1. Kindly indicate the residue of the stretch B:214-228 that is more than 27 Å from the chain's Cα centre (by Cα) and open to solvent by 10 Å² or more (accessible area, probe 1.4 Å) and also farthest from A:Asp283 (Cα to Cα) among those meeting that condition.
2. Let me spell it out: the conditions are (1) within 12 Å of chain B (Cβ to nearest Cβ); (2) within 11 Å of DNA strand D (Cβ to nearest atom); (3) at pLDDT 95 or above, and A:Asn61 meets all of them except one. Which number is the exception?
3. For B:Arg261, are the conditions met, namely being surrounded by fewer than 17 Cβ atoms within 10 Å (Cβ to Cβ) and charged (D, E, K, R)?
4. Take the conditions within 30 Å of A:Leu135 (Cα to Cα) and within 16 Å of DNA strand D (Cβ to nearest atom) and apply them to A:Gly88. Does it pass?
5. Could you list, in sequence order, all residues of the stretch A:108-134 that are in contact (Cβ under 8 Å) with a residue 24 or more places away in the chain and away from every other protein chain (no Cβ under 14 Å)?
6. So B:Gln10 clears everything in (1) polar (S, T, N, Q); (2) touching a residue at least 12 places away in the same chain (Cβ under 8 Å); (3) within 11 Å of DNA strand C (Cβ to nearest atom); (4) more than 11 Å from chain A (Cβ to nearest Cβ) except one condition, right? Which one?
7. Hey, among B:Glu79, B:Glu37, which residue is more than 8 Å from DNA strand C (Cβ to nearest atom) and farther than 30 Å from B:Ala301 by Cα?
8. Return the residue satisfying two criteria in turn: it lies in the stretch A:1-34 and is more than 9 Å from DNA strand D (Cβ to nearest atom) and open to solvent by 60 Å² or more (accessible area, probe 1.4 Å), and of such residues it is farthest from B:Ser53 (Cα to Cα).
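The values are calculated or read from the model by the stated rules, or taken from the named source; none is laboratory data. On a predicted model such as this, the values are computed, not experimentally measured, just so you know. All Cβ positions, even for glycine, are placed from backbone atoms using ideal geometry, and neighbour counts span all protein chains on display. The area values use the complete protein model at the heavy-atom level, side chains included, leaving out ligands, DNA and RNA. Shrake-Rupley method; radii C 1.70, N 1.55, O 1.52, S 1.80 Å.
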2 protein chains.
Amino acid sequence: MVGIDDVARQAGVSTATVSRALSGNGHVSPATRLRVETVAGELGYVVSSNASSLASGRMKNIGVVVPFLDRWFFSNVVEGAQKALLRGGFDLTLYSLAGDYDERRSVFEHFLLRQRVDAVIAVSLELNPDEVARLHALEKPLVGIGGPIAGVRTLTIDDVAVARLATEHLLALGHTRIAHIGGNLELDLDFHLPTNRRLGYELALTGAGITPPPALFQAADFTVRGGYQAAKQLLGNPHERPSAIFAASDEMAIGSILAARDLGLVVPRDVSVVGTDDHELADFFGLTTIAQFPQWQGEKAVEILLDELQPGKHDPVELDTAIPFDLIVRSSTARPPQG
Amino acid sequence: MVGIDDVARQAGVSTATVSRALSGNGHVSPATRLRVETVAGELGYVVSSNASSLASGRMKNIGVVVPFLDRWFFSNVVEGAQKALLRGGFDLTLYSLAGDYDERRSVFEHFLLRQRVDAVIAVSLELNPDEVARLHALEKPLVGIGGPIAGVRTLTIDDVAVARLATEHLLALGHTRIAHIGGNLELDLDFHLPTNRRLGYELALTGAGITPPPALFQAADFTVRGGYQAAKQLLGNPHERPSAIFAASDEMAIGSILAARDLGLVVPRDVSVVGTDDHELADFFGLTTIAQFPQWQGEKAVEILLDELQPGKHDPVELDTAIPFDLIVRSSTARPPQG
DNA sequence: CTGAAAGCGCTAACAC
DNA sequence: GTGTTAGCGCTTTCAG
């Protein structure tokens, strides 16, 4: 393995100069820098990150903790973070908890503490005070996605406003019997996303002078299958069949479209459907939805962190950053049957 | 930050003993070990991975390189690898190339070389000789998933056999006009998966005395939309409509099912469909498919690597490991219309 | 079974 | 702008 002193010798300078030239910290004359870079290139020298980290205290590595990886939202957040990190020369150490409590414990009590990361991004994880305390004890920056978390900077989406926007789209089209497929209670643990979306839905309705009918609410598990079953219940009801459905995830919305088809209903002629996410399949199904840009979220979290890692950083002013969202109208929504 | 000497002092032993007690390398009396462990626990001591790695040369970290992350197959491989690594106390550093050539270069020429990983797993990446050479120069173990790669140990699935099995399932049911939706040529770069699956399909047909009709082949891009379009072409043909479709991915198979429905055809009464993958949605659509267990693949790759990293390792005997696969029969396949 | 001490390869004061 | 030098926090011979 070629080391820094091989380069120093070849270039006729000291190791300190090599370090400075290659890292950009400290001043080096352009000529020397060029020579050093050339020699380093020829020799194929790459700094040993361990030695460098040990000496400098900087790891050039950030930890990303996600509850699952094989879901559209999370893999996209990670992909966005990865891209931004690569650009900054940082590595990304991934911790996917896979819903396992023991794994979560071991990650927070052991893995994250071994001084391997400069900062951590926690995605959709409602950190408990103990977890936050451990992380803070490390004096490493931490940002959450999906907050708010007490005492932690977070990127947060306004779920109430998201749901409201989706529902208002339907109201504006003239729908009055609007159903909602939300999350079930187990999923409410992290940040009450289901509750907040339901709240936004209800606010929109009451704002339009409509009392949210309990019969038009169904809980599901955010999957296609769950949405399918819930929509069957809703659309099969002989008395109060809704003319529109707002689903708290695109997968459930897609399930709803499939359920409608299986019942012989045509979307959007007989029933309008709007989802939430802008999942990769949304476009194929012509699904109207609220986009929430997970890749952007990952990139933004990295940006905040890298910025904070810059030397001479004042305390960050803003504690919370709002995640943007957008209504994307496709072909699953239209005016209701009778105009 | 509590360091090893804090623990040593508290426990009344030397730092060497603490190191031995906590790492398990070298002998320590049970009594001492217990005392050290207790003190370390009380103090909340966690080794600094940098210092440890620098001194020992072991990183307890492996790099996983994937072409994309937001696809069912890759995120599941990573999830499997993650689980196995966590168990072994290893970190997982992720490099998702996102199909970007510059990123790929920078990962192979820079990131992977900074001595941060003990080994690397390359998923569905046909490493070029230069990339392999760099990695070998590091003297780090390397395993590929999806091989074969010249000079690299790989986990390989027998794509020919997979396709053959799928096709034979259809033949056994009595189908004779069997179409195939395979990959297009751009996707053939890595390991010729599309070509091999097509080959297996053709072998099965000729084995049954049927000449593969060129009109019954369509190329697509492995997505639902691509499968949908391809199936429309196949099923819309007024003269040679196939009674069954074998798709090289579940997403394309699902697209085919949707296309059939849109044409008013009933699956499996009018047309049978079999996919490849056992994607999470396969079950919902009742899709008959060939499962290929991506999580298992990730775990297995880790297992091979961790085994090799054990001190005193002889050269690995087997160069290639076969990935298991299984026909899963659901409700998308049945005998053809006329029996 | 345990301790002393020499590094691992680099960075960061501090001089010049 | 550049060299000298003292560590960074651990692991690992080598003694005992």
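1. B:Pro214
2. Unmet condition: (2).
3. Judged against the criteria, B:Arg261 is a match.
4. Taking the combined requirement at face value, the residue does not satisfy it.
5. If the condition is that a residue be in contact (Cβ under 8 Å) with a residue 24 or more places away in the chain and away from every other protein chain (no Cβ under 14 Å), then A:Ala119, A:Ala122, A:Ser124, A:Leu125, A:Glu126, A:Leu127 are the ones that fit.
6. (3) is the only condition that B:Gln10 fails.
7. One residue alone meets the criteria, B:Glu37.
8. A:Leu34
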